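These notes concern the structure reproduced below.
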């Protein structure tokens with residue numbers, strides 16, 4: 001299994017059963033407005049894609065399917081909707097089927113509980129995109145566990161904080177690899193809506209045998225936790241060797 005991390009929550013998962021593009025946010029730096037009501041008002045994305053136009057075209061041309069965990073703009077933006085072929089298989093949570101189909105995509109498959117496609121098995125998991133009223137407004141969001149014959153299992157936790165649903169997914173699926181969306185994204189009011197450093201530490205302790213990869217940092221204006229800050233806190237808690245924090249464009253290999 002190979003994970004080609006692109007930027008923010010966007011990556012390509014490659015297994016023997018095919019290549020899946022996860023949560024494509026493909027816009028150029030500064031072309032989208034800042035997330036409002038946040039401490040940092042810079043336009044988004046904060047950084048460019050680590051791919052030239054030709055590389056991006058090659059990546060999209062070699063992608064077999066797209067997985068959209070939810071349709072917030074930093075996971076499924078306008079440029080992705082322009083560039084992803086309209087006949088590409090797109091898997092999503094049921095609540096987003098009409099929105100994605102309404103944008104002209106003809107191969108949309110909602111994952112209600114479990115779904116099998118081309119040798120890849122997808123199981124949908126729950127999550128909480130924040131707490132209280134903010135969490136309710138940000139819902140729904142989903143995570144997905146992906147399995148393929150001969151490859152490690154991968155849990156894409158999605159936009160969630162540490163919560164009962166994440167713990168339940170870890171216990172039920174026991175994934176080999178976990179991708180968590182960190183960044184401690186937040187608004188001026190309320191608690192963080194994606195994982196903090198402490199949340200990532202809780203994932204490590206709940207799944208001591210799993211490989212943990214932390215993404216979703218330094219690309220969107222309301223994600224305030226940096227890679228360095230996350231690494232420093234994990235080191236303080238004795239977990240530095242448990243979490244990989246890739247830079248944009250990095251390729252991570254996992255033996256079968």
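In this structure, is residue 130 closer than 27 Å to residue 35 by Cα and out of contact with any helix residue (DSSP H, G or I) (no Cβ under 9 Å at 6 or more places or on another chain)?
Taking the combined requirement at face value, the residue does not satisfy it.
Is it true that some residue in segment 121-137 is in contact with a strand residue (DSSP E or B) (Cβ under 9 Å, 6 or more places away or on another chain), surrounded by fewer than 21 Cβ atoms within 10 Å (Cβ to Cβ) and within 17 Å of residue 21 (Cβ to Cβ)?
The answer is yes; a qualifying residue exists.
Keeping to segment 58-78, report how many residues are buried (at least 18 other Cβ atoms within 10 Å of the Cβ) and more than 20 Å from residue 14 (Cβ to Cβ).
Result for segment 58-78: 6.
Can you say whether residue 248 is under 21 Å from residue 68 (Cβ atoms) and surrounded by fewer than 22 Cβ atoms within 10 Å (Cβ to Cβ), as far as the supplied structure shows?
yes
For segment 144-175: of the residues being assigned to a loop (DSSP other than H, G, I, E, B) and free of Cβ contacts under 8 Å to residues at least 40 places away in the same chain, which is surrounded by the most Cβ atoms within 10 Å (Cβ to Cβ)?
160
Suppose we filter 102, 52 for residues that are exposed (fewer than 15 other Cβ atoms within 10 Å of the Cβ), over 27 Å from residue 217 (Cβ atoms) and either out of contact with any strand residue (DSSP E or B) (no Cβ under 9 Å at 6 or more places or on another chain) or in contact (Cβ under 8 Å) with a residue 40 or more places away in the chain (or both); which single one remains? Before the answer, list the steps.
Values: 52 fails: over 27 Å from residue 217 (Cβ atoms).
After ruling out the rest, the residue left standing is 102.
Taking segment 26-48 on its own, how many of its residues are crowded, with 19+ Cβ neighbours inside 10 Å and in contact (Cβ under 8 Å) with a residue 60 or more places away in the chain?
So the answer is 3.
Given the condition modelled with pLDDT of 95 or more and over 17 Å from the mean Cα position of the chain (by Cα), answer yes or no: does some residue in segment 64-75 qualify?
Among the residues of segment 64-75, at least one is modelled with pLDDT of 95 or more and over 17 Å from the mean Cα position of the chain (by Cα), which makes the answer yes.
Between 68, 90, which is under 26 Å from residue 203 (Cα atoms) and touching a residue at least 12 places away in the same chain (Cβ under 8 Å)?
Testing whether each residue is under 26 Å from residue 203 (Cα atoms) and touching a residue at least 12 places away in the same chain (Cβ under 8 Å) leaves just 68.
Tell me, yes or no, whether segment 29-47 has at least one residue that is in contact with a helix residue (DSSP H, G or I) (Cβ under 9 Å, 6 or more places away or on another chain) and within 22 Å of residue 160 (Cβ to Cβ).
no
I'm trying to understand the selection: among the residues of segment 176-216, which are crowded, with 24+ Cβ neighbours inside 10 Å and assigned to a loop (DSSP other than H, G, I, E, B)?
182, 183, 184, 185, 193, 194, 195, 216
Select from segment 7-25 the residues that are in contact with a helix residue (DSSP H, G or I) (Cβ under 8 Å, 6 or more places away or on another chain) and crowded, with 24+ Cβ neighbours inside 10 Å and write down the one among them that is nearest to residue 178 (Cα to Cα). Lay out the reasoning, then the answer.
From segment 7-25, those in contact with a helix residue (DSSP H, G or I) (Cβ under 8 Å, 6 or more places away or on another chain) are 12, 21, 24-25; that's our starting set.
From the residues that got through so far, the ones that are crowded, with 24+ Cβ neighbours inside 10 Å too are 21, 24-25.
Details: 21: 16, 24: 18, 25: 20 Å.
Out of the qualifying residues, it is 21.
The values are calculated or read from the model by the stated rules, or taken from the named source; none is laboratory data. All values reported here derive from a predicted model rather than from experimental measurement. With ideal geometry, Cβ positions are generated from the backbone for all residues, glycine too; neighbour counts draw on all protein chains shown.
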